[in-house]
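Working notes for the structure below.
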Amino acid sequence: MLSRGVHPLMADRTPAPDTPELRARWGNFAFTDAWKAKADKAIAKYPEGRQKSAVMALLDFAQRQVGEETDTQGWLPIPVIEYVASYLNMPVIRVLEVATFYFMYNMKPVGKYHVQVCGTTPCMLRGSDDLFETCKKRGMSKGHISEDGLWSLTEVECMGNCATAPMVQINDDNYEDLTAERLDNILSMLAAGQQPKTGTQEPGKHTSEPSGGPSTLKEMVSENHDYRGDW
Amino acid sequence: MPKVTVDGQEIEVPAGATVLQACEQAGKEIPRFCYHERLSIAGNCRMCLVEVAPGPPKPQASCALPATEGQTIRTDTPMVKKAREGVMEFLLINHPLDCPICDQGGECDLQDQAVGYGRGGSRYTENKRAVTEKYMGPLIKTVMTRCIHCTRCVRFSEEIAGVDEIGALYRGEDMQITTYLEQAAAHEMSANVIDLCPVGALTSRPYAFEARPWELKKTLSIDVSDAVGANIRLDSRGREVMRALPRVNDDVNEEWISDKARYQVDGLNRRRLDKVFMRKRGGLKESSWDEAFKAIAKALKGKDKSSIAAVAGDLLDCETMFAAKSLLKACGSTLIEGRQTGMSYDVSNLAAVNFNSTLAGIETADAILIVGSHVRWEAPLVNTRLRKAVKRGAKVFVVGPQWETTYPATFLGNDLALLGNLPADVVDAFKSAERPALILGGAGLAKGALAACLGLVDTLGLVKTDWNGFNALHFSAARMGGLMLGFAQKGGMADIAAAKPKVLLALGADEMNFEPYVDALKVYIGHHGDKGAHAADIVLPAASYAEKDGTYVNTEGRVQYAEKAVFAPGDAREDWTILRALADALDVNVGFDSFAELQAAMIAEVPALGEEGLADYGPLPKADAKAKAEGTIDAYPIKDFYLTNPIARASTVMQQCSAELLHGEEMKEAAE
């Protein structure tokens, strides 16, 4: 029987404890000029008095800036959330509600690469268990940062790439049509500081078309074809 | 006005009404958890499902569906019954069903509605969700496993209290209600979420495991912790008041009360005066009524008994004050005063010191100038009205030191000279206002700003045909009643001191300065061993507001009656009986022998006190064009919201609130 409450396989959404050390490290957080420009641009998208609508964008920017500063994907310490709240003149609890709701905001520190393996049914049927095994071999465990600080592993629910299952999201990129070897290769390249090809890993495939070439609209592959005469 | 049919009954509902309201109008009971008429509509509990045609062929949440012309609503079909059973079963999946150990038991919406609309058993055999308790301060006890996520508490703190501190974190079945970082809910109205919570997730911490609702005797009473006169219900068991709850009165407190009104009641059992005390060789020693009365009579020996003064405290009912007045009159004295702290504003016209807009009316004001009032502490319920007014577009300006408002307000400064020279934006706001209002608070009255504010009636156009925007905001429950009974000297307390009375009756007067009365025999008639009793030569134990019938007049001049909930402890007597017995000891005749006779005499003298409702004080006085206010308001009279009266000061809960919520930061710093 599954235990209930905070799902053991899923990311822990509780904010990192508000300790004096955390305050000392992040209490003076402020947007750098570059991120501030982006934040103000996001706020300007909304009418006067509705600047709160930019909260999701600002949380994202804050998380990315934290990422730059810590050389990780970034996360949202409590003082940073408070900074965003004061930037938008919002009650902190309202910002925290947003931050704890969306899984894209990390509430705990993560590694340089945040490996999010999809474990939902289509990916599971297509072998996501092997992907977890691959990750495990590199010292990752769910909800923890690996010892070298390089990896964080999270099991996530459907990311909407079922046609190219199984898939893994690492930081901002998706890697699809994976096998254990292909993922291992990607991880090796990332560890070596190289950027692997994103998207599908199936040779010959461009995006989410069927493997082995298209099974419909075949005439469209080389040139634009008018099918209307065939109807 | 759309016409709808509810279960075959055709009714006309007001435009903008919801289907749920239409059903209620038709007399149909619709179960609900998240819907509350004073909060915004959330529509997340799904308990209020009904069948509506035309519309999709499925049950609809009636609380969030507008009633429109020609709708046919069914609340009694098998589909509705099944839908309610289904929703209830889902709600109970994660509810612990620990009713036997839950304080909400017996007055729980979930319990009642599960009996009324549930299917009688669960088919759920998996593990239930468990949620850790959340700390919400000394007043609110949380058992969050019981929470059904109706979000009433979130909406209350955001919409009514104006303090965003409760929120719903996480998502889906992990959703949890909490305060930010589990900090204490720190505003004056926080405990109202306990009443709002339809289950036992938020219950009263001081009242935890004290009593069951069906064991309690319910008495209708009036709150005396401020001058709003909130309608409360005192729940008592035996001789003890267990808790105070708000009653619904849209004209006064809607259905809220302040935390002080709710939680000072434990002070009724602590530090009580339950015996007669007399000062002997410097210390207060136990004594007897006879001995005390003889000592008072001795001090007034001789033919002229008129050297006696009476000072009324802040919590007094009109009957006590009238009995004291009658006693002094019989002695030949008129030295009566209720403004203990020495205020001496002109009371020749009571309309000038009344909240004329009425409490319900102030929320329709569109420009408000507050002069010397920390409204949030002096009358939290008025503050929620002001917040409503601001939400409707009112502009608020404050003359006086900064305080944390729960709505946007402009602080103009501390200098009262501003009243004669208001900034242009204030003048503009009032010029375009249809219902402009001025609220003069205690700090303004103390600085003599009354005449200057009356001068603003004309310049700001505060009085219109159906609108009187001139308001004085008091914070003593006894104030308006006292003024109606003439408890005011021209020079205030200074006149009393100058008269050098031989006997001073301090009727629950704990805020006054006893220093000028060194030579007087100071008799304290009251219920708590507070400042007054410490200074007194003779202490006569009397009854608190919960222990006597009484008439109270709130700051808007509303006459209201409170009933006796319990008996006073020990030798303590109802105040009027003490004063009546004292009359015999002094050998004078006050003209009444029973409470009914006393009330009749009081009403004969001040007829308005005989009629529940707003007293009519007539039109405002003519303003003195030359009146000018001078000086600065440096501070507000209330230094500590939780400890403003002897009952609250005796209450452990109020002391804890003061220490934790107001002085918590200082304590933390001291600890470091």
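Only the coordinates and a few stated rules stand behind these numbers; no lab work does. The model shown is predicted, which means the values in this text are computed figures rather than measured ones. Heads up, the Cβs are rebuilt from the backbone with ideal geometry, glycines too, and the neighbour counts pull from every protein chain shown.
How high is the FRET efficiency between B:GLU159 and B:THR5 when r is their beta carbon distance and R₀ equals 30 Å, given to the nearest 0.05? All intermediate terms of the calculation are to be shown ahead of the outcome.
Details: r = 33 Å, r/R0 = 1.09.
After rounding, the FRET efficiency stands at 0.35.
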Gaussian network model of chain A, Cα within-10 Å springs - most flexible of A:PRO122, A:PRO20, A:PRO77: A:PRO20
³J(HN,Hα), Karplus 6.51/-1.76/1.60, whole Hz, each residue of the stretch B:273-282, x for Gly, Pro: 8, 10, 9, 7, 10, 10, 7, 10, 6, x
Unit charges on C-beta of K, R, D, E only; dipole of chain B, Debye: 700
Cα centroid separation, the stretch B:537-584 to the stretch A:41-76 (Å): 61
Cα-projected label distance for B:TYR407 with A:THR198, points at 7 Å along beta-carbon direction, nm: 4.9
Stokes-Einstein D (µm²/s) once Rh is taken as the Kirkwood radius of the stretch B:89-216 over alpha-carbon pairs, at 10 °C in 1.306 mPa s: 104
Pair A:HIS206, B:VAL248: separation of 7 Å Cα→Cβ label points (nm): 6.7
Listed pairs B:LYS303/B:LYS325; B:LYS325/B:LYS490; B:LYS128/B:LYS260 exceeding 27 Å between Cα atoms: B:LYS128/B:LYS260
Cβ-based charge dipole, the protein assembly as shown, positive-most Cα from B:VAL265, B:TRP214, B:THR5: B:VAL265
Inter-chain shielding of B:162-171 (mean C-beta neighbours from other protein chains, 10 Å cut-off): 5
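With r defined as the distance between the Cβ atoms of B:TYR124 and A:GLU69 and R0 fixed at 41 Å, what FRET efficiency is calculated, to the nearest 0.05? Walk me through the numbers on the way to the answer.
On the way: r = 47 Å, r/R0 = 1.15.
Once rounded, the FRET efficiency stands at 0.30.
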Peptides B:400-409, B:134-143 ordered by average Cβ neighbours within 10 Å, highest first: B:134-143, B:400-409
Chain lengthening between B:THR465 and B:ASP428 when straightened (0.36 nm per residue, less Cα-Cα): 11.2 nm
Amide N proximity, the stretch B:109-153 versus B:ILE93 label position 7 Å along Cα-to-Cβ, cut-off under 12 Å: B:123-129
Residue exposure sequence - B:CYS318, A:CYS135 - by fewest surrounding Cβ within 10 Å: A:CYS135, B:CYS318
Environment charge at A:ASP177 (Cβ cut-off 10 Å; Lys +1, Arg +1, Asp -1, Glu -1): +1
Full-extension gain in nm, A:LYS45 to A:ARG25, via 0.36 nm per residue minus C-alpha separation: 4.0 nm
For residues of B:124-136, the mean tally of beta carbons on other chains within 10 Å: 2
Kirkwood hydrodynamic radius over Cα pairs of the stretch B:14-101, then Stokes diffusion coefficient at 4 °C and 1.567 mPa s, in µm²/s: 94
Protection proxy ranking, peptides B:245-258, B:457-470, average beta carbon neighbours within 10 Å, highest first: B:245-258, B:457-470
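Arrange B:TYR552, B:TYR117 by Cβ neighbour counts within 10 Å, fewest through most, would you? Present the calculation step by step, with values, prior to reporting the outcome.
Numbers: B:TYR552 26, B:TYR117 18.
Result, fewest neighbours first: B:TYR117, B:TYR552.
What is the extension gain from B:THR577 to B:TYR135, computed as 0.36 nm multiplied by their sequence separation minus the C-alpha to C-alpha distance, in nm to one decimal?
Numbers: separation 442, 0.36 × 442 = 159.12 nm, distance 4.63 nm.
Additional length available on full extension: 154.5 nm.
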Pairwise centroid distance, computed over Cα atoms, of the stretch B:190-208 with the stretch A:108-150, Å: 43
Anchor B:LYS28: lysines whose Cα lies under 28 Å away (excluding residues fewer than 8 positions away in-chain): B:LYS3, B:LYS58, B:LYS81, B:LYS82, B:LYS218
Violating pairs (Cα-Cα greater than 26 angstrom) within the set A:LYS136/A:LYS197; B:LYS464/B:LYS639; B:LYS500/B:LYS548: B:LYS464/B:LYS639; B:LYS500/B:LYS548
Residue mean of other protein chain beta carbons inside 10 Å, A:80-91: 1
Virtual spin-label span in nm between B:ARG281 and A:ASP184, 7 Å along Cα→Cβ: 9.9
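Determine, for each peptide in B:498-504, B:642-648, A:145-151, the mean count of other beta carbons within 10 angstrom over its residues, then list the peptides with the highest first. Each step should come with its number before you reach the end.
Details: B:498-504: 20.3, B:642-648: 25.1, A:145-151: 16.6.
Taking the mean over residues of other Cβ atoms within 10 Å, the ranking is B:642-648, B:498-504, A:145-151.
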